[in-house]
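What follows is one structure encoded as structure tokens, with my remarks underneath.
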Amino acid sequence: MPPDVAAFTDTYLPTVNGATYTIRTWRERWLGRGGRMDVVYPGSSHDPDTGEHPVRSLPFPFYEGFRLGAPTVPDAVRDIDIVHAHSPFGVGLAGLRLARRTDRPLVASYHTPAAEYAGYLAEGWLMNGVARAGNAYERWFLDRADHVIAPSDTAKADLEARGVGPVSTVANGIDVDRFAPTDAAAFRARHDLPGRGERPLVGYTGRHGFEKQLSDLVRAIDGTDAVLLFGGDGPARKTLEEQVAGSDADVRFLGFLDREELPAFYSALDVFAFPSPVETQGLVALEAMACGTPVVGVEAGALVETIDEDATGYHYDPGDVAGFRAALDRALAERDRLAETCLSRRESMGVERAVDALAAVYDAVL
């Protein structure tokens, strides 16, 4: 039988992001294999299923939808075999406490660099100081884990260069049954978008953080006939809207999209654009590819390996807006060929392979 696992996370439903999606999907697959994977998370409007344990929480004042959870260990998870912390903060600290008190192994996932959160707490020169403090704290937490999981070889190498270990690569994986090409006509009509072939659609969805360099995407689109779609929200949105107001770019802000809408969103696009240099894997890029949409991304972070150059999309150098535009133009011109390659690799992106690798890590720490 698979071991009993308690996953501790500082972000969970109804908030939708890469970490939330991964935890939820891994849990479903783990239960399907006859195992137990309980989730401890900040209490929210999400109606918990059996095995989901909300703890007391407060709204996070700098980003709507996130909550700060108390470092509380529910009695229901004290008998598990493995503690899996998906974040190093409040609820993640509760996982560390449980592992220490019960002498259970602690596995820690590296979903998002702690330094990314600096943009929520400070601006200007203060942001660098907050980022350094975040990195130091993150290292302290990871050093207390028996095993660390990174979602890409790039993220694994980064952690090992910082002296963290042992580290294994376990890709997050995606649900290829959900993320598949779909008829996007209704989505286009609902959001008053041009039909296929009328004007190119380029899009991004995810957190609108300053560290994502989304302003480069607006500059790359400015002066072209493409329509740029932003799904999601975040602290950089107001700045982006001000930037758009001073440009000739045709940019539409769609806000948060329901998970059920995402396959249609990706399928509606001609190209998915990803300027973020700080990704540990870039799950949304894989989702787009699984829907047959090529990706243009910055040649930095995990996107170096997530995007297969001239096969599933193209890269450009960090900060090179002209290079970004040229890569977008090339991907648009070669969309059909790139889309075929994306679709041919769908199975390799699947979550079942990820859960196989996760099970191997659990076996190792036991």
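Only one entry of ASP329, ASP356, ASP317 meets the criterion of being at negative phi, not assigned by TED's automatic domain parsing to the domain that holds ASP222 and not hydroxyl-bearing (Ser, Thr, Tyr), and that entry is ASP356. Looking at the range 199-207, can you tell me whether even one residue there is surrounded by 18 or more Cβ atoms within 10 Å (Cβ to Cβ), modelled with pLDDT under 95 and not in a helix (DSSP H, G or I)? Looking for residues that are surrounded by 18 or more Cβ atoms within 10 Å (Cβ to Cβ), modelled with pLDDT under 95 and not in a helix (DSSP H, G or I), one finds at least one in the range 199-207, hence yes.
For the range 284-299, does any single residue satisfy the condition of being closer than 22 Å to ARG345 by Cα, in contact (Cβ under 8 Å) with a residue 40 or more places away in the chain and among the acidic types (Asp, Glu)? Yes; the residues of the range 284-299 include at least one that is closer than 22 Å to ARG345 by Cα, in contact (Cβ under 8 Å) with a residue 40 or more places away in the chain and among the acidic types (Asp, Glu).
Within the range 265-300, the set of residues being closer than 15 Å to ILE174 by Cα, surrounded by 24 or more Cβ atoms within 10 Å (Cβ to Cβ) and either in contact with a His (Cβ under 6 Å, 6 or more places away or on another chain) or small (Gly, Ala, Ser) (or both) comprises GLY282, ALA285, ALA288, ALA290. Just a yes or no: is a residue in the range 24-33 touching a strand residue (DSSP E or B) at 6+ places or on another chain (Cβ under 9 Å) and part of a loop (DSSP other than H, G, I, E, B)? Checking the range 24-33: not a single residue is touching a strand residue (DSSP E or B) at 6+ places or on another chain (Cβ under 9 Å) and part of a loop (DSSP other than H, G, I, E, B).
Do we find a residue being touching a strand residue (DSSP E or B) at 6+ places or on another chain (Cβ under 8 Å), buried (at least 19 other Cβ atoms within 10 Å of the Cβ), in contact (Cβ under 8 Å) with a residue 60 or more places away in the chain and hydrophobic (A, V, I, L, M, F, W, C) anywhere in the range 301-308?
So the first thing to find is which residues in the range 301-308 are touching a strand residue (DSSP E or B) at 6+ places or on another chain (Cβ under 8 Å), and the list is 303-304, 306-307.
Next, from what is left, pick out any that are buried (at least 19 other Cβ atoms within 10 Å of the Cβ): 303, 306-307.
Going one step further and asking which of them are in contact (Cβ under 8 Å) with a residue 60 or more places away in the chain, we end up with 306.
Of the ones still in play, those that are also hydrophobic (A, V, I, L, M, F, W, C) are none.
So far as the range 301-308 goes, no, none of its residues is touching a strand residue (DSSP E or B) at 6+ places or on another chain (Cβ under 8 Å), buried (at least 19 other Cβ atoms within 10 Å of the Cβ), in contact (Cβ under 8 Å) with a residue 60 or more places away in the chain and hydrophobic (A, V, I, L, M, F, W, C).
For the range 211-242, the set of residues classified as within 16 Å of ASP320 (Cβ to Cβ), under 18 Å from the mean Cα position of the chain (by Cα) and in a helix (DSSP H, G or I) consists of LEU214 only.
Okay, residues lined up against (1) at positive phi; (2) part of a loop (DSSP other than H, G, I, E, B); (3) not small (Gly, Ala, Ser):
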residue: ALA145; (1), (2), (3): no, yes, no
residue: SER168; (1), (2), (3): no, no, no
residue: ASP177; (1), (2), (3): no, yes, yes
residue: ARG188; (1), (2), (3): no, no, yes
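Sort out which residues of the range 334-366 are buried (at least 19 other Cβ atoms within 10 Å of the Cβ), under 29 Å from TYR110 (Cα atoms) and either of a type in the set (Ser, Thr, Tyr) or free of Cβ contacts under 8 Å to residues at least 60 places away in the same chain (or both), and write them in order of number. Selection gives CYS342, TYR362. Residue check: is ALA115 surrounded by fewer than 17 Cβ atoms within 10 Å (Cβ to Cβ) and either among the aromatic types (Phe, Trp, Tyr) or at pLDDT below 95 (or both)? Against the criterion (surrounded by fewer than 17 Cβ atoms within 10 Å (Cβ to Cβ) and either among the aromatic types (Phe, Trp, Tyr) or at pLDDT below 95 (or both)), ALA115 does not qualify.
Residues that are more than 14 Å from GLY297 (Cα to Cα), in contact with a Phe, Trp or Tyr (Cβ under 8 Å, 6 or more places away or on another chain), touching a residue at least 40 places away in the same chain (Cβ under 8 Å) and small (Gly, Ala, Ser) within the range 210-235 comprise just one, GLY234. For ASP49, are the conditions met, namely being farther than 24 Å from THR205 by Cβ, part of a loop (DSSP other than H, G, I, E, B), modelled with pLDDT under 95 and among the charged types (D, E, K, R)? Judged against the criteria, ASP49 is a match. The set of residues in the range 1-37 that are more than 19 Å from the chain's Cα centre (by Cα) and surrounded by fewer than 19 Cβ atoms within 10 Å (Cβ to Cβ) comprises MET1, PRO2, PRO3, ASP4, LEU31, GLY32, ARG33, GLY34, GLY35, ARG36. Helices (runs of 4 or more DSSP H) fully within the range 257-366 that include at least 1 residues being closer than 30 Å to ASP4 by Cα and among the small types (Gly, Ala, Ser): 351-365.
The values are calculated or read from the model by the stated rules, or taken from the named source; none is laboratory data. Being a predicted model, the structure only gives us computed values, none of them experimental. Neighbour counts are summed over all protein chains in view; Cβ atoms, including those assigned to glycine, are modelled from backbone coordinates with ideal geometry.
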